[in-house]
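Heads up, the thing below is written out as structure tokens.
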Amino acid sequence: MISQTYTVLNPSGFHARPTKEFVQTAGTFPCKVSVMKGGKKVNGKSSLSMLTLGIQKNDEVTLEVDGEQEEQALSQLGGLLTKIFEE
Amino acid sequence: MDKITTYRLSGIAASPGFAIGKAYRLQQEPYVPAEGKAADIQNELERFRRAVDLARQELEKIRSMTEARMGAAKAEIFEAHLMLLEDPDLIDAIIDKIENEGANAEFALYEVSSGFIEALSSMDNELLRERAADVRDVSGRIMSGLRGVPYASVSSIHEPCVLVAEDLTPSDTAQLNLDYVLGFVTEIGSRTSHSAIMARSLEVPAIVGAGQEAGRIETGTPVILDALEGTVIVDPTAEELSMYQARKAEYDERRRELRKLLDEPTLSQDGHRVELAANIGSVEDLQKVLENGAEGIGLLRTEFLYMGRSSLPGEEEQFQVYKHVLERMNGKPVVIRTLDIGGDKELPYMKLPEESNPFLGLRAVRLCLSKPDLFRTQLRALFRASVYGNLKIMFPMIAVREELLEAKRLLQEEKEKLIREGTQVSDSIEVGIMIEIPAAALAADQLVKEVDFFSIGTNDLIQYTMAADRMNENVSYLYQPCHPSILRLIRMVIQAAEKEGKWVGMCGEMAGDENAVPILLGMGLHEFSMSAGSILPTRALIKRLSRREWADYSEQVLAMSSNDSIVQFVKQKTRSDLT
């Protein structure tokens, strides 16, 4: 299991579009993906649960991956957490 | 043989026209199942999977139809819905509840989806709260599949129908597919409620406030909407059907006749010229303005720039929108009203304190003056756009002269700053205020010295003069545009402006009201700004009226004692004008 903490930079936080891309990407990896914010931990493969984190710009978010291909998952998904999406 | 099930309902004719078709009842009360156990767990899982599959098929169908008709952007919402059907935390949690707790599918679905709906609805972010509606929508669709009943939502309409609902929310109205929705009837609402205003801007026949009886109209029942009279005929007889088909044809023909007035100036019978402009609340409304022969925009509400998002719009974004509107209007006057938020319109991301009387609270120009940075951003964007057309700037809800002077001071400062920065700014921008508070109407003779024009906002002027909340049905009888109190205030405003050689417009509902237009013409109103759809009928009406005659009549009506007697008088006189 590996994990890393990121600061979200997308101006409107993590809403419909960024969440969709994150969850779709997470779904392509066999490992377990969890996202944590403020003591709450959710399944990174569920857009609904991701939305309930209410991630805003500048929020600190920890990504935790566990299982096969965890290295690639961490780098790709970490990239999405800090990506600025075109609205 | 005639059926005997026919009955009539009456409501408020909110947007004119006729609609004849089958009712489609929008189910807004979610189905709440009783807690139940599965008789056979395998069978229950199978039922649930079948319902999810059915929901997926329906959604895919709607998505591809929406994409073909309205483009990929509008279809995106259904992508999000389809994703929910795949969501592990939603679907697996339901399956788990059935498998391990022995719950039946309905109850498991209800329990799990309600948890998410509650979690999302309580977020302090509007965008996330809207996602709760998506979960509600999708779980409602699966629930319908489980129960074997058709799922009702605005977005799932794909055959011609007359929509029946308790009320329509802004997002419902945004999703209305006018290829299929022939008209709508709601149980609650008034002439100035959101759904009514939207209906007029979309030009779809609508009756609002038809009462709870309307909510009992079953999907599939034939109905006729006479949105000129405000009558809904449920399950009409064959005679009624053919009579209304003829009326509808006649109405459609008259509308074609009106098209001929499209490019004509608005002249009274005796050659007095006035200007007919349109009120708009979004960039999408521009097309309707141009199609309906407006001579300008009398009111551009800027709230749309600020609503349905999570942070304030920046200067550049606002500039682009204002520039676009000014360019599209090609030199015709465009009155842009500075932010009029508060009252019934909120901006959750500004986290303004709740007020017990929001209509009498920190709203419109009051809010802008208390948050000068927000106001300055808008003023800068307006100035930068001013070189692309004929811009006029208007401040809403001015109560006292000091507010106007402060707003003008900020305006002047931003203008000078821009000029110093080397930005081009138009030199001929007129600055005006809305007259919508009785205090401003009564002091119009003093305020006029500080402005280039007035625009009378009758919806609020009536609300504040009558002390009657415009959203409250119990006092809706006090919405009396032709009451002598209102007419006297309007005359004071027009006379005050005339003395100083300034112009007066009106941008409330009253400006397009056929019972008020003759009086306003007689009083000397210069500009009438209304929903785009009312422009041509008003132009046709004014062409039949004599300004001179109505100048006398409008003096006469001021001596009358009620709204009804004045309306009666206008009706009688305009009818005799016709003969």
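The values are calculated or read from the model by the stated rules, or taken from the named source; none is laboratory data. Values in this document were obtained by computation on a predicted structure and should not be read as measured data. Using ideal geometry, Cβ is built from the backbone for each residue, glycine included, and neighbour counts are taken over all protein chains shown. Keep in mind that these areas ignore ligands, DNA and RNA; they rest on the heavy atoms of the full protein, side chains included. Shrake-Rupley method; radii C 1.70, N 1.55, O 1.52, S 1.80 Å.
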Take the alpha-carbon centre of segment B:415-459, take the same for segment A:16-33, and report the distance between them in whole Å. 52 Å
For chain B, what relative contact order do you get, as a whole percent, if you take Cα pairs closer than 8 Å and at least 6 residues apart? 14 percent
Treating the angle as unsigned and between 0 and 90°, give the value, to the nearest 10°, between the Cα long axis of helix A:70-82 and the longest Cα principal axis of chain A. 0 degrees
Dipole magnitude (debye, nearest 20) for segment B:280-367, charges at Cβ of Lys, Arg, Asp, Glu: 140 debye
Kindly write out, for segment B:518-532 in residue order, the coupling ³J(HN,Hα) from the Karplus curve 6.51 cos²θ - 1.76 cosθ + 1.60 (θ = phi - 60°), rounded to whole Hz, with x marking Gly and Pro. x, 5, 5, 4, x, 6, x, 4, 8, 10, 10, 10, 8, 4, 3
Could you run the Karplus curve 6.51 cos²θ - 1.76 cosθ + 1.60 with θ = phi - 60° over segment B:112-119 and give me ³J(HN,Hα) per residue in whole Hz, x for Gly and Pro? 5, 5, 4, x, 5, 4, 5, 4
For segment B:246-326, what is the convex hull volume of the alpha-carbon atoms per residue, in Å³? 124 Å³
State the extension gain, in nm to one decimal, for the chain segment bounded by B:LYS571 and B:LYS371, taking 0.36 nm per residue of separation less the distance between their alpha-carbons. 67.3 nm
Once both axes come from the Cα atoms, what is the angle between helix A:16-27 and the longest principal axis of chain A, in degrees from 0 to 90, rounded to 10? 0 degrees
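Just the number, please: carbon plus sulfur as a percent of the accessible area of chain B, 1.4 Å probe, no ligands or DNA/RNA counted.
Taking all protein chains in place, chain B shows 49 percent carbon and sulfur surface.
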Given charges at Cβ of Lys, Arg, Asp, Glu: the protein assembly as shown dipole, positive-most of B:LEU411, B:ILE224, B:TYR553: B:TYR553
Any lysines with Cα under 16 Å of the B:LYS499 Cα? List them, leaving off those in the same chain fewer than 8 positions away. B:LYS449
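Using just the Cα positions, wrap chain A in a convex hull and report its mean projected area in square nanometres, one decimal place.
Directional mean of the projected Cα hull area for chain A stands at 4.6 nm².
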For segment B:327-412, diffusion coefficient by Stokes-Einstein and Kirkwood Rh (Cα), 20 °C, 1.002 mPa s, µm²/s: 153 µm²/s
Can you list the equivalent-ellipsoid semi-axes of segment B:259-403, largest first and in whole Å, using the square root of 5 times each Cα gyration tensor eigenvalue? 30, 18, 14
Based on alpha-carbon positions alone, could you give the equivalent ellipsoid semi-axes of segment B:361-517 from the gyration tensor, as √(5λ), descending, whole Å? 30, 17, 14
Kirkwood-based Rg to Rh ratio, segment B:1-155, C-alpha trace: 1.05
Pairing the Cα long axis of helix B:88-101 with the longest principal axis of chain B, what angle in degrees results, from 0 to 90 and rounded to the nearest 10? 40 degrees
In debye to the nearest 20, how big a dipole does the protein assembly as shown give about its Cα centre with +1 on each Lys and Arg Cβ and -1 on each Asp and Glu Cβ? 1720 debye
In Å, descending, principal axis extents of the Cα set of chain B: 85, 70, 42
Give me the base-10 log of I(q)/I(0) for segment B:382-449 at each q in 0.17, 0.18, 0.25 Å⁻¹, Debye formula, one uniform scatterer per Cα, rounded to two decimals. -0.66, -0.72, -1.07
Per-residue ellipticity at 222 nm for the protein assembly as shown, helices alone: DSSP H runs ≥ 4 residues times -39500 (n - 2.57), over residue total, nearest 500 deg cm²/dmol? -14500 deg cm²/dmol
Cα convex hull of segment B:511-579 - mean projected area over all directions, nm²: 4.4 nm²
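So if R0 is 35 Å, what FRET efficiency would B:LEU405 and B:SER121 give, r being the distance between their Cβ atoms, rounded to the nearest 0.05?
Using R0 = 35 Å, I get an efficiency of 0.20.
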Kirkwood estimate for segment B:436-573, i.e. one over the average of 1/r between Cα atoms, Å: 15.1 Å
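Rounded to the nearest 20 debye, what is the charge dipole size of segment B:422-579 about its Cα centre when +1 sits on each Lys and Arg Cβ and -1 on each Asp and Glu Cβ?
Value, rounded to 20: 580 debye.
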Nearby aspartates and glutamates by direct alpha-carbon distance to A:LYS57 (threshold 19 angstrom, same-chain neighbours under 8 apart not counted): A:GLU21, A:GLU86, A:GLU87, B:ASP124, B:GLU126, B:GLU130
Lysines whose Cα lies under 16 Å from that of B:LYS332, excluding same-chain neighbours fewer than 8 positions away: B:LYS288, B:LYS323, B:LYS392
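Average partner chain C-beta neighbours within 10 Å, per residue of A:6-16?
Mean partner shielding for this stretch: 3.
Could you compute Rg(Cα) / (2.2 N^0.38 Å) for the protein assembly as shown, with N its residue count? Write out the running numbers ahead of the final one.
Working: Rg = 28.0 Å, N = 666, 2.2 N^0.38 = 26.0 Å.
That ratio works out to 1.08.
Evaluate peptide B:82-89: per residue, the Cβ atoms of other protein chains within 10 Å of its Cβ; return the mean as an integer.
So the per-residue partner count for this stretch is 5.
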Please give the direction-averaged projected area of the C-alpha convex hull for segment B:209-268, in square nanometres with one decimal. 6.3 nm²
Find the Cα radius of gyration of segment B:23-114, compare it with 2.2 N^0.38 Å by division, and give the number to two decimals. 1.25
Value of D in µm² per second that Stokes-Einstein yields for segment B:426-508, Kirkwood Rh from Cα pairs, at 10 °C (1.306 mPa s): 121 µm²/s
q = 0.16, 0.27 Å⁻¹, segment B:2-51: log10 I(q)/I(0) [Debye, one scatterer per Cα]: -0.78, -1.23
Across 10 Å bins from the origin, how do the percents of Cα pairs in segment B:106-238 run, short distances first? 11, 36, 33, 17, 3, 0
